[in-house]
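The values are calculated or read from the model by the stated rules, or taken from the named source; none is laboratory data. Values in this document were obtained by computation on a predicted structure and should not be read as measured data. Positions of Cβ are generated from backbone atoms using ideal geometry, with glycine treated the same way; all protein chains shown enter the neighbour counts. Areas reflect the complete protein model, heavy atoms only, side chains present, ligands, DNA and RNA absent. Shrake-Rupley method; radii C 1.70, N 1.55, O 1.52, S 1.80 Å.
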Amino acid sequence: MNFTKMHGLGNDFIVVAGEKELPAGADQLAIQLCNRFFSIGADGVVFILPSEKADFQMRIINSDGSEAEQCGNAIRCVSKYVYDHKLIDATEITIETIGAGVQKVQVHVQDGRVVTARVDMGEPILQGLQVPTTVDADKVIDYPIEVDGTSFRFTAVSMGNPHCVIYVEDAVNFDLATWGPKLEAHPMFPRKINVEFATVRDRAYTDMRVWERGAGPTLACGTGACATLVSSVLNGLSDREATVSLKGGNLFIEWLEEDNHVYMTGPAEEVFTGKL
C-alpha cells in the first residue's frame, strides 16, 4: 500500500489512494499507522475512493479508529492530491463525504501544483437534535453546560460533523487537555462532539483552539473553524467573513447570506511519500 503524508495547517493525514473500497480492518490500521511513536504518525488516515456521485469519495478514519463524517483540512489535502498527482485536470473538483454529502472545491494552482483550496462546506445544521445534542431547540446558542462543577456556555453547529463552540478569555493558552475530553464525552452530546474554544479579537479575526472528537488536540480543524465563524455570527460577535486563527495557521471563512453556505479557504501541503 502506497501512502502520502499530508497536512492542512498541521492537521496531518496519511493519504491512501488506489483502493476500490474502504479496506477491511481500516479502524485497526488507522490506530496502528497513526501512532506517532511506533509508526508514521497522524491525526487520521484518509482513503481516496471511487464515487458514483462525485469525482472522488473520501473516507476519514481517526487515530482512535472511529470514522469522521467530514474534515475540512482533509478535503483540501484530498483536492491537492488528486490534482497534483494528475488524477484530475479540472480546478473545480467534487468530493463525496459520508456526513456532508458532495462538496465542491475550487483549487488555486501555481506552477502546476495546488497551493490553496476554497471549499463549499454546505449549509450549517443548527437544530439541536440534528447536530446532535440532547437539546430540542431550533438553535442552541449560548447554552449552559456543566462539567465537574465548572460551568461553560456553548453554541452547537454541525458542518456534517458535530461541534460545540465555547468562548473563553484566552483560547491560545486554554487548558485543552483538561476540558476537551470531558466536554467531548459529555452526555449532552450523544455522538460525542468536537470542542472549539474561541476568543474573538474583533469582528474579522478570531483565535480558536480545538479538541477533536476521536483525535484529541490538533493543530487545526477546518470544520471547527467553520463552526466557530457560524457561532460567532449567531452570537453577534463577528461579521460573516473572518479569519479564524488556529495553532497551525489561519483559515479564511465565509458564511454567505445568499445561499446560506459556508466557504473555507486555506492551504494544503504534501510532506513525503512511502510504502507500507
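Its Cα gyration tensor gives the chain an equivalent ellipsoid. The semi-axes, each the square root of 5 times an eigenvalue, are 29, 21, 17 Å from largest down. What shape does segment 99-148 have by the C-alpha gyration tensor, where a ≥ b ≥ c are the square roots of the eigenvalues, rounded means a/c under 1.5, and otherwise prolate means a/b greater than b/c and oblate the rest? Prolate shape, in that a/c is at least 1.5 and a/b is the bigger ratio.
With both bridge residues required to lie in segment 85-226, what share of the DSSP beta bridges run antiparallel, to the nearest 5%?
85 percent
Counting only alpha carbon atoms, the long axis of helix 222-234 and the longest principal axis of the chain meet at about 30°. The label point for ASP84 and the one for LYS182, both projected 7 Å from the Cα toward the Cβ, are 4.0 nm apart. The GluC sites (Glu not before Pro) of segment 221-258 that meet both conditions, a loop assignment by DSSP and at most 12 other Cβ atoms within 10 Å of the site Cβ, are GLU257, GLU258. DSSP finds beta bridges in segment 160-276, and of those with both partners inside it, around 70 percent are antiparallel. Averaged per residue, segment 188-238 has 29 square angstrom of accessible surface, using a 1.4 angstrom probe with ligands and nucleic acids left out. Backbone phi angles across segment 178-191, fed through the Karplus curve with coefficients 6.51, -1.76 and 1.60 (θ = phi - 60°), yield HN-Hα couplings of 7, 8, x, x, 5, 6, 3, 9, 5, x, 5, 10, x, 10 Hz in residue order; Gly and Pro are listed as x.
Rounded, prolate or oblate: pick one for segment 175-276, where a ≥ b ≥ c are the square roots of the eigenvalues of its C-alpha gyration tensor, a/c under 1.5 means rounded, and failing that, prolate if a/b is larger than b/c, else oblate.
Because a/c hits 1.5 or more and a/b fails to exceed b/c, segment 175-276 counts as oblate.
Surface exposure of segment 40-164, expressed per residue as accessible area with a 1.4 Å probe, stands at 41 Å².
Under the combined filter of DSSP loop state and at most 12 neighbouring Cβ atoms within 10 Å, segment 1-101 retains these GluC sites (Glu not before Pro): GLU21, GLU52. To the nearest ten degrees, helix 72-84 and the longest principal axis of the Cα atoms of the chain are 20 degrees apart. The Cα center of segment 171-234 and the Cα center of segment 25-78 differ in position by 20 Å. With contacts taken as Cα pairs under 8 Å and at least 6 residues apart, the chain reaches a relative contact order of 19 percent. When only Cα pairs below 8 angstrom with a gap of at least 6 residues are kept, segment 190-275 shows a relative contact order of 23 percent. For segment 60-175, carbon and sulfur atoms together expose 43% of the accessible surface, with a 1.4 angstrom probe and every protein chain in place. Partner lysines whose Cα lies under 19 Å from the Cα of LYS53, excluding those fewer than 8 positions away in the same chain, are identified as LYS20, LYS104.
Max-minus-min Cα coordinates of segment 1-137 on each principal axis give 50, 37, 29 Å, with the largest extent listed first.
Where a ≥ b ≥ c are the square roots of the eigenvalues of the C-alpha gyration tensor, would you call segment 123-213 rounded, which needs a/c under 1.5, or, failing that, prolate if a/b is larger than b/c, or oblate?
Judged from the Cα gyration tensor, segment 123-213 comes out oblate (a/c at least 1.5, b/c at or above a/b).
Would you look at the GNM of the chain, springs on alpha carbons closer than 10 Å, and say which of TYR143, TYR83, TYR167 moves the most? Comparing TYR143, TYR83, TYR167 in the GNM, the peak value goes to TYR143. Annotation: amide H of TYR205 within the under-5 Å range of THR243, sequence separation 5 or more or interchain, hydrogens built in the peptide plane.
For the chain, adding -39500 (n - 2.57) for each run of n ≥ 4 DSSP H residues and dividing by the number of residues yields -4500 deg cm²/dmol at 222 nm.
What the phi angles of segment 255-269 give under the Karplus curve with 6.51, -1.76 and 1.60, with θ = phi - 60°, is a coupling list of 10, 7, 5, 5, 10, 6, 8, 9, 10, 10, 10, x, x, 8, 9 Hz, glycine and proline written as x. Look at the alpha carbon pairs under 8 Å that are at least 6 residues apart: their mean separation over the length of segment 202-245 gives a relative contact order of 53 percent.
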